[in-house]
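I have placed the structure first, in the form of structure tokens, so that the comments after it can refer back to it.
The values are calculated or read from the model by the stated rules, or taken from the named source; none is laboratory data. Worth saying up front: this structure is predicted, and the values here are computed from it rather than measured. Methodologically, a virtual Cβ is constructed for each residue, glycine included, from the backbone with ideal geometry; neighbour enumeration extends over all protein chains shown. Surface accessibility is based on the protein's heavy atoms, side chains included, excluding ligands, DNA and RNA. Shrake-Rupley method; radii C 1.70, N 1.55, O 1.52, S 1.80 Å.
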Amino acid sequence: MKHSRKVFALIMTVAMVFTMSFATVGVSAATKTSGKVGAVKWNKAKKTVSFDVTVNEKMLNGAAVTHFIINDKMTRKAEVKGQKTGKTGNAGAGLFSTKANALDLYDALVKAGATPWVDKFAEDATSFGAGTIKDNVNNGNTAYSKLEMTFKKDGKTYTPQDMVKYKNKGAEAAAPVEMCFTGNYVNNRTYNSGCVACIFSCYVGVTSNQAIGIGTTNEKENYFFASDLLKAGDKYTVTYKIKPNDSGYNYISAGQFNKDKAKYALLDVRPAEKYDYSHIKGAFQASFKEAKNTDETGIAALKAAVKKYGKNNKYVLCCNTGKGFAKAAADVMATLGVKPANVQILCGGFENWKTKFKYQQGTDGNVIVDPVKKVITLDAKVNGPIYMLKDANGNPDKTKKDWTHHLVVNENGSNGKVCFFPTKAKPMDVYNAFKDLGTEEGPGEAMIRKTENDKPAAGTLVEGGKVDVKVSWKKGGKKVTKTLPQIVKRIDQKTGKALKEKYVADMRFGGCCKGVSTMTKPEEKMNISGCITCTFSCWIGTVSNAQYGYSTEEVVPNRSVLPKKGTKVTVTYTVK
């Protein structure tokens, strides 16, 4: 028994020592303030990263400098689908070469406390225009980290201006170099460039010079190596020291927010009319009337938001461009007890968002726009028996059940009960969605209504950009999608019997705002009929069919294909 107790005591002692050691290791790992990512050293306490570079012999020939520091090769595995791996495309083209991987540098800078211009998995930034990073909104972000860059060799320290010479109109001048943490992680990997540091504002370089703009005459012509200092094969240690961020605001890119939406409460602080026109679905309306942190309307709206979501929640503020209104709102949030670290501004605001990600048109939540795929969707339901035509006594003509040319109509419009698919979507919201996508709009003069009683001549064809229309619904847990020729049946207008000729869909964005309006606002007239989609060329429907002239075709729903009355469906419009 005594022997057993001794063994048990020994085991417990070893276990305690192991546990204490493990705990110590855990604390050490959690409080680590320095380390290495690949060939890049980082130090969070000193806010520095450093790596070694070598002067590239190929550049010592009088050539202008475009690439400052280039990685020898890219060996890290792709972290985003479709990204390349293998040898870098710009190897040997930089003034300096390095074994430091550009993507390792990105991670080391983040560990050291730096903020990138674009987030790690942000959208492709190749579309930003000519100019410098600090002048270029890329989405409005002014909170990225600026970097103090130095080169060290044999105990001596040099600046970037010592490494390169700069000529302005042929005369030597002080080299403008203001390095910053551009980020561009996705671009760097996608284009396999290996660009660690660029001498101008580059959409691929992980770090680059914010003082000289891309697409400017200075970008490739005016920088040359310092021949009086640099020798082929010379080795230097490059150090970036992260400068304090003087912006005062935090930013999140559209790409990152799209990925992490569930983590934040999204507050749309644009004026009410802009929110009503379109916004990110799910955004809380916290409208400001003007871009001032004294705006009483905005203050009241933010108080309501904080009351709903709480002071400890994380927030993203969305204005038009990520500038005035959002900054004013961020100032107010701080006075309401929300920590500044919990408040992010959406980079580029809604104007940037709506070029890349889905958004809601109008206020009813029913019209969704995908700007990349150029797709508009709306929810509707299957109508029951349709009695559009009346008998001699003004009652529904039971002999002409289901006869109609109305396909998709707002349920509150005058034609809302005599269509295939009634919907809550408003015609003007659908119209505005097509306009936002840049769709060519009809109608021609023949479709324009000039007086209250004016209508197009029978047979007039609608004009406008081509649109593919499909309808889908769930059946047995699976999605069923049908084209218009599958759900629309042509009939003889005299006998009502089905015709052998199949329905042909040549759907166009007629628009028809001019055709519907007379002396009043287009949206008022559009909402009287509620017509969104028509099976023939229509002077009222936002989308209608150029295959069949106005007032020449009656059709019936193909009940053998459509689900039962009341079934929810999604109508999809794809701009061709």
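With the condition kept exactly as written, say whether any residue in the range 158-169 is β-branched (Val, Ile, Thr) and either open to solvent by 50 Å² or more (accessible area, probe 1.4 Å) or under 19 Å from Leu109 (Cβ atoms) (or both). Yes, the range 158-169 contains a residue that is β-branched (Val, Ile, Thr) and either open to solvent by 50 Å² or more (accessible area, probe 1.4 Å) or under 19 Å from Leu109 (Cβ atoms) (or both). Looking across the range 540-576, just one residue is closer than 13 Å to Cys512 by Cβ and more than 35 Å from the chain's Cα centre (by Cα), and that is Tyr550. In the set (1) in a loop (DSSP other than H, G, I, E, B); (2) surrounded by fewer than 19 Cβ atoms within 10 Å (Cβ to Cβ); (3) at pLDDT 90 or above, Ala100 fails one condition alone, (2).
Return the residue satisfying two criteria in turn: it lies in the range 341-390 and is part of a loop (DSSP other than H, G, I, E, B) and in contact with a Leu (Cβ under 6 Å, 6 or more places away or on another chain), and of such residues it is farthest from Lys426 (Cα to Cα). Checking each candidate, the answer is Lys374.
Residue count for the range 540-576 satisfying the condition of being touching a Cys at 6+ places or on another chain (Cβ under 6 Å) and either hydrophobic (A, V, I, L, M, F, W, C) or within 23 Å of Asp276 (Cβ to Cβ) (or both): 1.
Just a yes or no: is a residue in the range 348-356 aromatic (Phe, Trp, Tyr), in contact with a strand residue (DSSP E or B) (Cβ under 6 Å, 6 or more places away or on another chain) and open to solvent by less than 60 Å² (accessible area, probe 1.4 Å)? So far as the range 348-356 goes, yes, one or more of its residues are aromatic (Phe, Trp, Tyr), in contact with a strand residue (DSSP E or B) (Cβ under 6 Å, 6 or more places away or on another chain) and open to solvent by less than 60 Å² (accessible area, probe 1.4 Å). Exactly one residue out of Ala341, Ala380, Ala334, Ala328 is free of Cβ contacts under 8 Å to residues at least 12 places away in the same chain and either touching a Ser or Thr at 6+ places or on another chain (Cβ under 9 Å) or open to solvent by 40 Å² or more (accessible area, probe 1.4 Å) (or both): that is Ala334.
Entry remark, the range 527-576: residues being in a loop (DSSP other than H, G, I, E, B), surrounded by fewer than 18 Cβ atoms within 10 Å (Cβ to Cβ), of a type in the set (Val, Ile, Thr) and modelled with pLDDT of 95 or more number 2 in total. Of all residues in the range 249-291, exactly one satisfies the criterion of being part of a helix (DSSP H, G or I), within 13 Å of Tyr315 (Cβ to Cβ) and of a type in the set (Asp, Glu), namely Asp260.
Does any residue of the range 234-243 turn out to be part of a loop (DSSP other than H, G, I, E, B) and either modelled with pLDDT of 85 or more or within 27 Å of the chain's Cα centre (by Cα) (or both)? Looking through the range 234-243, at least one residue is part of a loop (DSSP other than H, G, I, E, B) and either modelled with pLDDT of 85 or more or within 27 Å of the chain's Cα centre (by Cα) (or both). Looking across the range 403-420, the residues that are open to solvent by 30 Å² or more (accessible area, probe 1.4 Å) and touching a Lys or Arg at 6+ places or on another chain (Cβ under 9 Å) come down to Glu411, Asn412.
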